[in-house]
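Chemist: There's a structure below that I have some questions on.
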Amino acid sequence: MGTSVSNRQIIFIATLLLSAPAAVFGQGDAGGPVYVEADTLTHEAAQDRIEATGNVRIRGRGMTLLSDRALLFSERNEAEAQGNVTLMSDGDTLRADRLLINYQDNTGEVEQGDAFIKKGNFHLRATRMSKLGPDSYRIEKGSFTTCDAERPSWKFSASDVEITLGEYATGKHALFYLSDVPVFYFPYLIFPVTKERQSGFLTPRGGNSNKKGLTLNLAYYWVISPSQDATVNLDIQSKRGVGLGVDYRYIRKRGSEGTFRGFVIYDTEQQRFRGDMSQKHQEIVSDTFNIKSDINLVTDRDFYRDFAEQTGVYNRNQLDSSLSLTKHFRRQVLTGEFHYVDDLREDLPDNNKTLQKLPVIRLTGVRERLFGTPLFFSHESSFTNFYRREGIKGQRLDLHPVLTAYAKPFGGLEASAWAGYRLRLYNAFDVPADDGNNLPEADGSHVMGLATAGGAVSSTLARVYETEHGAMPRIRHVLIPEVRYSFVQERDQKKLPFFDFDDRLVGENRVVYSLANYVTGKFAGAGGDAEYRELLYLKLSQGYDFSETRRDLLTLVDAKRPFTDVMLEARVNPLKQFSLSLDTRFNVYDANVSTTAVSADVKDGNGNAAGVIYRFARDEVEYLEGRASVALLKPFYFNYASRYSFDREDFLESFYSLEYRHQCWSINVTYRDRVDNKEFFVSFNLGGIGSLGTVRVF
């Protein structure tokens with residue numbers, strides 16, 4: 001029979017959700033009726049007991065309870081379900097022989113419980129689960145796994161686990177099993193159980209390295225405040241010593257935030273302290289003023305080669321550090337930046353000759369109309385203080401005001417013209433003697449101005465084509481022809497100090513003509529919404545220098561050859577799964593390719609992907625990188641990446657990875673082959689738990 005229940009019965013059903021750890025039972029919906037169905041539903045007034053027997057089904061409030069028998073003792077404020085108990089809520093399920101709850105003191109008990117938590121695919125079994133109070137639980141003779149099988153591939157078990165939500169869980173006599181075989185024993189475990197961040201020790205990590213030896217990493221996570229936390233690492237290395245690492249993160253008002261990471265070790269092999277440090281910060285002082293810092297320091301130029309493993313870190317040649325302040329005005333932007341470079345190249349004995357910019361002050365003026373005329377004024381100005389311990393030092397003031405005019409003479413034609421003057425003022429000292437390298441004559445001040453000018457004419461032509469194809473009904477083609485002229489006065493600048501390439505401006509008297517194509521497809525998206533995707537971008541351009549002196553990327557001076565390289569830029573995306581890009585320069589005089597960069601990527605969305613990148617610069621570099629991911633033999637997954645240098649005729653790096661993924665665990669075997677190092681790793685991962693560690697075989 002089916003019937004609506006009383007308020008006391010509603011309390012009974014709602015409190016059933018509190019009879020075990022909160023991770024097992026959801027709270028369900030806050031409102032709505034609760035219904036009971038059973039073969040028999042009786043009320044004994046003498047004992048103030050309500051009893052439902054035979055195929056009991058209680059539903060409502062986002063949950064369903066099934067059992068052979070259900071009892072409500074109003075006077076004792078207790079409720080009980082017995083026999084084949086099943087409680088389902090939001091995908092979570094609890095099965096038990098018996099479930100008891102006291103909804104006055106918020107305690108309860110589950111006997112022979114088997115719980116499934118959908119989020120994380122957690123399976124929990126216990127002889128007894130007890131709720132000791134609003135936030136306190138106890139589990140006796142329990143086991144835990146994320147494997148679905150009746151005989152799981154792995155599980156944790158413990159004789160006694162006590163849990164206080166928002167604080168910690170402690171376990172005694174814990175065992176880790178592979179199948180039914182115990183392999184690790186933990187006499188005592190403690191870990192945080194809270195949705196909020198909680199301080200505590202992290203899982204230790206161990207391994208082996210041919211450079212570091214046997215390693216053990218012990219980490220402590222520290223919640224300093226709601227807006228700050230830190231991780232402190234103790235890194236024990238048998239070959240190099242004991243290192244200490246700190247990773248600190250914080251958030252401030254107005255979106256200000258920052259990080260600090262540092263590591264230091266006394267290297268027993270080299271008998272000295274070594275380490276590195278990186279710091280990033282953004283301070284939003286106001287809507288118009290902010291401060292940024294990005295500091296990266298290292299004790300010695302070999303530190304990353306000895307201790308780092310990631311590509312891009314272990315072979316790093318340069319470290320950049322900067323501190324900048326930016327102020328926005330109505331039409332002006334003022335920026336000050338201190339920029340420090342640490343050159344890590346092996347062929348340099350030290351950093352004494354590296355040029356530093358301490359500081360650079362820039363003032364940029366956005367184009368602003370002059371007194372209602374068709375003329376617009378803008379400028380780019382900068383002051384740079386150059387410093388190095390050994391070599392030329394000094395200051396440079398660079399001023400570049402520009403006047404620009406815009407017009408639409410007829411139709412869709414757009415035209416612009418500009419004229420400016422670039423004035424550079426120098427103060428140089430510690431200038432070395434001229435040894436034939438075109439150094440300035442002597443210390444002191446230097447001034448030079450160059451006239452600049454230019455113009456551009458362009459038009460935008462667009463047309464939409466009907467394809468009569470359901471998947472892509474329309475294609476839009478945009479064609480932009482443009483002619484651009486640029487002029488920079490040619491002057492002898494050999495007597496100026498040379499700090500960077502802004503001190504040797506290349507004269508120009510050049511016209512560049514280009515044709516850009518954009519092809520966009522309109523596709524029928526899900527739910528009838530239109531989706532637009534670029535199918536093709538193609539730009540062809542070339543320049544002609546009226547001075548008949550050719551200057552290109554690889555050819556600074558090439559007299560009597562006024563035509564520049566033909567430049568081709570392209571992006572092709574015919575399918576979502578495939579993309580191709582090309583950037584190449586072709587020398588029309590020598591009939592050969594000056595530079596090219598081409599890349600292709602393909603992926604199917606199911607874990608299969610491949611990509612290739614090829615770079616070439618004549619007489620400079622030739623380089624090929626390939627990568628592939630294969631998931632055709634699931635549950636086996638293969639990854640490969642390699643970099644090959646044609647100029648060296650050797651592989652710079654090759655990486656192989658083979659992973660086997662089970663439903664609740666995985667094993668990953670990787671091999672990395674570098675010019676100076678070979679590494680083999682085996683790592684294990686348990687579903688819902690994370691990596692158990694990495695084993696370095698050699």
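Chemist: Quick test of your reading of the structure: Y637 fulfils all but one of (1) outside any loop (DSSP other than H, G, I, E, B); (2) touching a Phe, Trp or Tyr at 6+ places or on another chain (Cβ under 7 Å). Name the failing condition by number.
Modeler: (2)
Chemist: Of all strands (runs of 3 or more DSSP E) completely enclosed by segment 216-267, which ones contain at least 1 residues that are exposed (fewer than 14 other Cβ atoms within 10 Å of the Cβ) and outside the structural domain of T288 (by TED's automatic domain parsing)?
Modeler: Working: elements: 228-237, 241-251, 257-267.
Here the list is empty.
Chemist: Which residue out of R76, R59 is closer than 19 Å to R98 by Cα and part of a loop (DSSP other than H, G, I, E, B)? Break it down into steps so the answer makes sense when it comes.
Modeler: Details: R59 fails: part of a loop (DSSP other than H, G, I, E, B).
Just one listed residue meets the conditions, R76.
One line per residue, one yes/no per condition, for (1) more than 30 Å from E659 (Cβ to Cβ); (2) surrounded by 16 or more Cβ atoms within 10 Å (Cβ to Cβ):
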| position | (1), (2) |
| --- | --- |
| K576 | no, no |
| F586 | yes, yes |
| Y589 | yes, no |
| T596 | yes, yes |
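Chemist: Quick one: which of F651, F586 is closer than 23 Å to V675 by Cα and part of a strand (DSSP E or B)?
Modeler: F651
Chemist: Is it true that some residue in segment 555-570 is at pLDDT 90 or above, surrounded by 14 or more Cβ atoms within 10 Å (Cβ to Cβ), charged (D, E, K, R) and within 30 Å of V464 (Cβ to Cβ)?
Modeler: Taking every residue of segment 555-570 in turn, at least one turns out to be at pLDDT 90 or above, surrounded by 14 or more Cβ atoms within 10 Å (Cβ to Cβ), charged (D, E, K, R) and within 30 Å of V464 (Cβ to Cβ).
Chemist: Determine which member of the set S293, S286, S256 is at pLDDT 95 or above and of a type in the set (S, T, N, Q). Before you say what the answer is, go through the steps one by one.
Modeler: Numbers: S286 fails: at pLDDT 95 or above; S256 fails: at pLDDT 95 or above.
On inspection, the qualifying residue turns out to be S293.
Chemist: Right, next: Please count how many residues of segment 66-122 are out of contact with any Gly (no Cβ under 9 Å at 6 or more places or on another chain), crowded, with 18+ Cβ neighbours inside 10 Å, closer than 28 Å to W665 by Cβ and charged (D, E, K, R).
Modeler: 0
Chemist: Kindly indicate the residue of segment 356-388 that is charged (D, E, K, R) and assigned to a strand (DSSP E or B) and also nearest to N427 (Cα to Cα) among those meeting that condition.
Modeler: Only one residue fits best here, namely K357.
Chemist: Looking at segment 609-630, I want the residues that are among the polar types (S, T, N, Q) and have a partner that is not in a strand (DSSP E or B) with Cβ atoms under 7 Å, at least 6 apart or on another chain. Which pairs are those?
Modeler: S629/G607; S629/N608
Chemist: Given the condition over 24 Å from L323 (Cα atoms) and of a type outside the set (A, V, I, L, M), answer yes or no: does some residue in segment 274-286 qualify?
Modeler: Checked segment 274-286: at least one residue is over 24 Å from L323 (Cα atoms) and of a type outside the set (A, V, I, L, M).
Chemist: Answer yes if at least one residue in segment 315-336 is out of contact with any Pro (no Cβ under 9 Å at 6 or more places or on another chain), surrounded by fewer than 15 Cβ atoms within 10 Å (Cβ to Cβ) and of a type in the set (V, I, T), and no otherwise.
Modeler: Within segment 315-336, one or more residues are out of contact with any Pro (no Cβ under 9 Å at 6 or more places or on another chain), surrounded by fewer than 15 Cβ atoms within 10 Å (Cβ to Cβ) and of a type in the set (V, I, T).
Chemist: Which one of L397, L413, L358, L375 is touching a residue at least 24 places away in the same chain (Cβ under 8 Å) and within 21 Å of G507 (Cα to Cα)? Quick ask: steps written out before the conclusion?
Modeler: Values: L413 fails: within 21 Å of G507 (Cα to Cα); L358 fails: within 21 Å of G507 (Cα to Cα); L375 fails: within 21 Å of G507 (Cα to Cα).
Matching residue, one of L397, L413, L358, L375: L397.
The values are calculated or read from the model by the stated rules, or taken from the named source; none is laboratory data. Given the structure is predicted, the values throughout are model-derived calculations rather than measurements. When we count neighbours, we look across all protein chains shown, and the Cβ atoms used for this are built from the backbone with ideal geometry, even at glycine.
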